[in-house]
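For reference, the structure discussed in these notes is given below.
Each reported figure results from applying straightforward, stated rules to the coordinates on display, with no laboratory input. Since the structure is predicted, the reported quantities are computational estimates derived from the model, not experimental observations. Positions of Cβ are generated from backbone atoms using ideal geometry, with glycine treated the same way; all protein chains shown enter the neighbour counts.
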Amino acid sequence: MSLTNDIKEAIAANLKSSIQGMQILGYVRDQVIPPAADIRRGTVDYDRALEGGVHFWVMFVRVFVAGITDKGAQAQLDAYLDPDGSSSVKAAIESDRQLGGLVDDLHVSNATGEQTYTMGGSQMIGSEWTVNVWL
């Protein structure tokens, strides 16, 4: 396929191996069944070292939980936002920082915190994590 697709699949595998019960999607969809995550590519910076030695990519992982007034969904999102622990999205993504040798390193640098998303006519809360990837 493509390097982008391979990276998305490897990040999805990290999430699936650590967080149970979450639907993981490598591409954006207009409807999801929460809890769910999608993975998107952000900016691509080529040739950051010498003559093509290092490339820097940004990937985004968005996680959606149930409706915006659901207290249980808010608590679930809080657990996903924790920096570590069994439900931590950051810890799950970083569980294999080289994605099985596919990349040199990755690091989750931040998350947006609680956001409201509208998908398929429904409002959900969620957050978006920024994943910095060095190739």
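Could you list the GluC sites (Glu not before Pro) in the stretch 19-122 that lie in coil according to DSSP, counting only those with at most 11 other Cβ atoms within 10 Å of their Cβ?
GLU51
Given R₀ = 25 Å, what would the calculated FRET efficiency be for SER86 paired with SER109, taking r from the Cβ atoms and rounding to 0.05? Let's see the in-between values first.
Details: r = 22 Å, r/R0 = 0.87.
That pair, SER86 with SER109, gives E of 0.70.
Run the helix sum for the chain: -39,500 (n - 2.57) per DSSP H stretch of 4+ residues, divided by residue count, reported at 222 nm to the nearest 500 deg cm²/dmol.
Dividing the helical sum by the residues of the chain leaves -7000 deg cm²/dmol.
Report the one residue of ALA79, GLY101, GLN23 whose Cα lies farthest in the direction of the positive end of the charge dipole of the stretch 3-134 (charges on C-beta: Lys and Arg +1, Asp and Glu -1; origin at the Cα centre).
GLN23
Placing +1 at every Lys and Arg Cβ and -1 at every Asp and Glu Cβ, with all other atoms neutral, what dipole size does the chain have around its Cα centre, in debye to the nearest 20?
320
Taking the convex hull of the alpha carbon atoms in the chain, what volume per residue do you get, in Å³?
Taking the convex hull of the Cα positions in the chain, it is 100 Å³ per residue.
Among ALA12, GLN123, VAL58, which residue has its Cα furthest toward the positive end of the charge dipole of the chain, with +1 on Lys/Arg Cβ and -1 on Asp/Glu Cβ?
Positive-most Cα among the choices belongs to GLN123.
Note down the relative contact order for the stretch 3-134 as a percent, whole number, built from C-alpha pairs under 8 angstrom at least six residues apart.
This gives 25 percent for the stretch 3-134.
With a cut-off of at most 10 other beta carbons within 10 Å, and DSSP calling the residue loop, which trypsin sites (Lys or Arg not before Pro) in the stretch 9-50 qualify? Please list them.
Answer by residue number: there is no such site.
Treating cross-link reach as a plain straight distance, find the aspartates and glutamates whose alpha-carbon is under 19 Å from the alpha-carbon of LYS71, omitting any fewer than eight places away in the same chain.
Counting by Cα, and skipping residues close in sequence, LYS71 has these aspartates and glutamates nearby: ASP82, GLU114.
Where Rh denotes the Kirkwood radius from the mean inverse Cα pair distance, what is Rg over Rh for the stretch 1-40?
0.97
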